[in-house]
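Below is one structure, written out as structure tokens; the observations come after it.
The values are calculated or read from the model by the stated rules, or taken from the named source; none is laboratory data. Quick caveat, the model's predicted, so the values are computed rather than measured. Cβ coordinates were reconstructed from backbone atoms using ideal geometry, including for glycine residues, and neighbour counts include every protein chain displayed. All accessible areas refer to the heavy atoms of the entire protein, side chains included, with ligands and DNA or RNA removed. Shrake-Rupley method; radii C 1.70, N 1.55, O 1.52, S 1.80 Å.
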Amino acid sequence: MKLYNLKDHNEQVSFAQAIKQGLGSQQGLFFPQDLPEFDRNDIDALLSLDFVTRSSRILSAYIGDEIAPETVFERVKAAFAFLAPVAPVAEDIATLELFHGPTLAFKDFGGRFMAQMLTEVSGDEKITILTATSGDTGAAVAHAFYGLENVRVVILYPRGKISPLQEKLFCTLGGNIHTVAIDGDFDACQALVKKAFDDEALKKAIGLNSANSINISRLLAQICYYFEAVAQLPQAARNQLVVSVPSGNFGDLTAGLLAKSLGLPIKRFIAATNANDTVPRFLSSGNWEPNKTVATLSNAMDVSQPNNWPRVEELFRRKNWQLNMLGFGAVSDETTKAAMHELDALGYISEPHAAIAYRLLRDQLQPGEFGLFLGTAHPAKFKESVEAILGKELELPEALAERAGLDLLSHNFPDDFAKLREFLLSLPD
């Protein structure tokens, strides 16, 4: 598999190198040189397979002969050891529940596959994973890499801007997992990560890598659950499928669009955001004008400069698609609360991110279409806000209950790269 840097097409790397390197020069994202496509018969055959077998074949279509298909299968089997069920919500709307993994969020799929792939291609090489999180990425990456040899993980997150239970999930592990609360928003954390990757001496000294959705292995893994969703739908729903994706850094939407480019029959997508609405405003006006990030109920989507958007634009360019085929919208906190109440009245308890995707799907779904929105996190990860909004008490799943009473092990740093650099160089082997 060959990939190229979106900011320098002359920089071309293998799949293994892209996983280990994370970003290219000038902080450029890697993108597949070849975009495989399945015909309708191939798609039907894939949809008849079990999740792990189907996913390994999809991933091998991208990876090619760089990693043997049987090895990919074993790595996928270890990574995707949980379900992604489709749950009905209304007659013409369902949700894909992506929160049945160990950290109760969709990031478990990408995080665990990346850990498996990095282990496969790195051998005895020492690696430091540095990533920023607006909530769920941190937990997924921490648990995926926890206890692995030759890997240190450093996770930056905005202090006071993620839910307490999200924080408990990944800031209580210790060992090879190091967490840092930054005085700033998610974009400040992301900027610190980018500065680290621009520091060639630091990269070489600690074997720097990234594990957020800028890493191609995580992005490819997320393609697989779109196929799993369609496999669970009746034929009539498959023919008129509209998918609404709660969007912050836009990795999940990118993966869905890559699934469509493979041949998966998705009629259209809706990019669903909160008040951090850079992409909806861009799709409406044609002007890319990020505002300062604002805090919302849907904190994992509090991103005003989504890193994966260049990949979306590149895919549309390569496929000769028009950006106006994308549905979009931004939802306020008050409307998010109303959507949560509406779902509750339908017998489905949801957290804010999925509720945003539901609301825009409900508003934009046309007669005869079938709608699917992504449930990206378990409602209990946002226990305080969900209980306050719905007036119901949520029972904690075991994964959360066992960590809720543990002490946080995080460091608190200002938004200061020099301080972070010093910390990274001081980490024990």
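Being of a type outside the set (D, E, K, R), assigned to a loop (DSSP other than H, G, I, E, B) and more than 23 Å from Arg318 (Cα to Cα) is a condition met by at least one residue of region 224-232. Looking only at region 293-328, residues that are free of Cβ contacts under 8 Å to residues at least 60 places away in the same chain and not β-branched (Val, Ile, Thr) come to 14 in all. Listed residues Val76, Val13, Val89, Val52; which is open to solvent by less than 30 Å² (accessible area, probe 1.4 Å), touching a strand residue (DSSP E or B) at 6+ places or on another chain (Cβ under 8 Å) and touching a residue at least 24 places away in the same chain (Cβ under 8 Å)? None of the others qualify; the one that does is Val89. For region 263-299, give me the residue count where each residue is outside any loop (DSSP other than H, G, I, E, B), among the aliphatic types (A, V, I, L, M) and over 19 Å from the mean Cα position of the chain (by Cα). Residues meeting the conditions: 1. Per the conditions (1) at pLDDT 95 or above; (2) under 21 Å from Val86 (Cα atoms); (3) surrounded by fewer than 18 Cβ atoms within 10 Å (Cβ to Cβ); (4) not charged (D, E, K, R), the sole criterion not satisfied by Gln235 is (1). Scanning region 63-79 turns up at least one residue that is of a type in the set (Lys, Arg) and within 21 Å of Ala144 (Cα to Cα).
So that you can scan it fast, the table gives a plain yes or no per residue for (1) in contact with a Gly (Cβ under 9 Å, 6 or more places away or on another chain); (2) within 29 Å of Ala144 (Cβ to Cβ):
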| position | (1), (2) |
| --- | --- |
| His341 | no, no |
| Asp344 | no, no |
| Glu351 | yes, yes |
| Leu361 | yes, no |
| Pro379 | no, yes |
| Leu400 | no, yes |
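In region 28-42, of all residues being surrounded by fewer than 16 Cβ atoms within 10 Å (Cβ to Cβ) and more than 11 Å from Leu262 (Cβ to Cβ), the one that is farthest from the chain's Cα centre (by Cα) corresponds to Asn41.
Among the numbered conditions (1) in contact with a helix residue (DSSP H, G or I) (Cβ under 9 Å, 6 or more places away or on another chain); (2) not assigned by the TED database to the domain that holds Asn276, the only one that Asp183 does not meet is (1). Residues that are open to solvent by 60 Å² or more (accessible area, probe 1.4 Å) and of a type in the set (Gly, Ala, Ser) within region 192-209 comprise Ala201, Ala205, listed in sequence order. Applying the set (1) open to solvent by less than 70 Å² (accessible area, probe 1.4 Å); (2) among the basic types (Lys, Arg); (3) at pLDDT 95 or above to Arg57 leaves exactly one unmet item: (1). If you go through region 317-357 and keep only what is aliphatic (A, V, I, L, M) and open to solvent by 40 Å² or more (accessible area, probe 1.4 Å), you end up with Leu323, Met325, Ala330, Ala338, Ala345, Leu346, Ile349. Considering region 255-292, the residues that are within 25 Å of Arg362 (Cβ to Cβ) and touching a residue at least 60 places away in the same chain (Cβ under 8 Å) include one that is surrounded by the most Cβ atoms within 10 Å (Cβ to Cβ), namely Ala272. Being open to solvent by less than 40 Å² (accessible area, probe 1.4 Å) and either at positive phi or not in a strand (DSSP E or B) (or both): is that true of Ala45 here? Judged against the criteria, Ala45 is not a match.
Flag: Asp65 matches the condition of being outside any strand (DSSP E or B), surrounded by fewer than 20 Cβ atoms within 10 Å (Cβ to Cβ) and at pLDDT below 95. The set of residues in region 372-399 that are modelled with pLDDT under 95, open to solvent by 50 Å² or more (accessible area, probe 1.4 Å) and assigned to a helix (DSSP H, G or I) comprises Glu384, Glu398.
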